[in-house]
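Since the structure comes first, as C-alpha cells, the remarks are kept for the end.
Read-outs throughout are calculated quantities, based only on the coordinates presented, and are distinct from any laboratory measurement. All figures in this text were calculated on a predicted structure; none of them were measured in a lab. As a convention, Cβ positions derive from the backbone with ideal geometry for all residues, glycine included, and neighbour counts pool all protein chains shown.
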Amino acid sequence: MIRKKTQEEIQRLAAAGHVLGGILDVLVATAAVGVTGNQLNTIAEKMIADAGAQPVFKGYGEPPFPASICISINQQVVHGIPNNVPFQEGDIVSIDAGLSLGGMIVDSARTVGVGAITDEYVRLLAVTKQALVVGIAQALPGSPVGNIGHAIQEYVEGEGFEVVRKLVGHGVGFELHEEPQVPNFGLAGLGPVLQEGMVIAIEPMVTIGSPDVDTADDGWGIVAISGKSAAHEEHTIAITKSGPVILTA
Ligand code: MG
Ligand code: MG
C-alpha cells in the first residue's frame, strides 16, 4: 500500500531533508585523498545527533548494517560499509545517508571524485547527476511511476552508460523503504500513478559496460561486475500539485 503524506508531514520531511542536505554538503566537501569512510561516518553521526535526528541505516536489515552512512568506493555501486582504507587520488566515492527527524525519514546520496579522476569518470558523474534531474522531471501527479525509469534509462543509455536493474528507488517517509518501487529502467506508462502527497526516493545507479552487479562477501556491498567505477545520486521527492519538490537539496 502506498502511504501518502499530508502537507504537514511533507513540511516535516522538508525540515529533515534540509538537515540531511547540509550533512551531505559537509561529507562531500570533506572527501579527499587520505580521508576514510569511517571518518565520514563519524562526522555524519555527530551532525545527525547534533540536529536531534536519528540515523536510519544503522542496524537496518540482515545482517544489521553497522554504520550510519554507506560509503561505496569505485566498483562498489551502493551499500558499501565504511572502513579505514584511505581514499586515493582517482577514487569514485558514493555517500548515501538517511535520517529520521520529527518522525519522518529522508534518504539521499551523492557521488564525488577524489582528486583528479579520468575523463570517463568525469562523464559518469555528470551523467548520473543529470539522470536524477531527468527522473525528477517525470515525478508528476497523474504520471505512472514507470515514466521516471523510462526517462532515466533512455537518457543514461543514450550517453553510453548503463543503469543497474537489481536495485530500485522507493517510497519513503514513514519507513526507509515503502511502496512503490521506483525503477531506473523500463517502459513508460507502467506502474502506479503518482498522486499528490506521495514521497519517493529516486536514485539512479549508473555503471560502465554492464548493468549487472554482485553482492560482496560482507552481505551488503553491491559491486559492478564490470570492475569499473559506478555512480549513484539520490533525492527524496514530494509529489505536489505544482510538480516534484526536492526535499533533500
Ligand atoms: Mg539512499
Ligand atoms: Mg534509497
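Before moving on, here are some points about what is shown:
- Taking strands (runs of 3 or more DSSP E) as the structural unit, those lying wholly within the stretch 11-106 and holding at least 2 residues that are farther than 26 Å from T118 by Cβ and touching a residue at least 40 places away in the same chain (Cβ under 8 Å) correspond to 92-101.
- Screening the candidates V172, V163, V213 for the property of being within 16 Å of ligand 2 (Cβ to nearest atom) and either in contact with a helix residue (DSSP H, G or I) (Cβ under 8 Å, 6 or more places away or on another chain) or charged (D, E, K, R) (or both) yields one hit, V163.
- Hits in the stretch 88-137 (condition: of a type in the set (S, T, N, Q) and away from ligand 2 (no atom under 16 Å from the Cβ)): Q88, T118, Q130
- Looking only at the stretch 91-124, and only at residues there that are within 16 Å of ligand 1 (Cβ to nearest atom) and not aliphatic (A, V, I, L, M), the one that is surrounded by the most Cβ atoms within 10 Å (Cβ to Cβ): G98
- Filter result (farther than 15 Å from L167 by Cβ and within 14 Å of ligand 2 (Cβ to nearest atom)) within the stretch 61-76: I69
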